[in-house]
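Step one of this worksheet: look at the structure below.
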Amino acid sequence: MARCYSDKARFSDPVFPNLEAGQVQAMWRMFCVSETEIAVTFSDVEGGDERGSARWEASYVFPKTRRHVDNKIAASFEFEGGLIVRHVDSFDFYRWTRMALGPAGLVLGWTPVVQNRVRAQAAAQLARFQEEETRAGG
């Protein structure tokens, strides 16, 4: 997936709201080398030379809580030269927090405090992954 992005790509979703190309590529590598097993299905794939869209579902166990997540995502893409230059994934963040965080997500998952904390933790995890890749020569 990382190879599908242009060097000027941008990615956004509720957890990773504004990633640049290098971060996007690292995010996909991070997901693929994680110890967490993930099952991905997709449907409603549409595409042309400049735009595309799809629905996809990621099913996995959230590592921090060991709770099962079944995330339903709507993706939109913009292409240039056969590569993705813009990718936006949309999903119900509150629904995700309820599944991933359990009771805490049910009670507080809709709040900016909890959602911003999830974003900050994800950003820190991605930055650590990128640092480890750099140290390893990747």
Rounded to whole Hz, the Karplus (6.51, -1.76, 1.60) HN-Hα couplings of the range 20-36, x for glycine and proline: 8, 3, x, 5, 4, 4, 5, 4, 5, 4, 4, 4, 6, 9, 5, 6, 7
Gap separating the Cα centres of the range 75-118 and the range 121-135, nearest whole Å: 19
Placed amide H near PHE79: partners under 5 Å, 5+ positions off or other chain: ARG51, VAL85
Surface/4 of the Cα convex hull for the range 2-135, nm²: 8.1
Size of charge dipole - the chain - debye, nearest 20, with Cβ of Lys, Arg +1 and Asp, Glu -1, no other charges: 620
Which of PHE77, LEU19, ASN116, positive extreme of dipole for the range 15-129 (C-beta unit charges): ASN116
Placed amide H near THR65: partners under 5 Å, 5+ positions off or other chain: none
Relative intensity, log₁₀ I(q)/I(0), of the range 25-100 from a Debye sum that treats every alpha carbon as a point, q = 0.12, 0.22, 0.24 Å⁻¹: -0.40, -1.11, -1.20
Sites matching GluC sites (Glu not before Pro) across the range 1-87 that sit in DSSP coil, with at most 16 neighbouring C-beta atoms within 10 Å: GLU35, GLU37, GLU50
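A short reminder: the numbers here are calculations on the coordinates, not readings from a lab. None of these values were measured; they are calculated from a predicted model. Glycine gets a Cβ as well: all are built from the backbone with ideal geometry, and neighbour counts include every protein chain shown.
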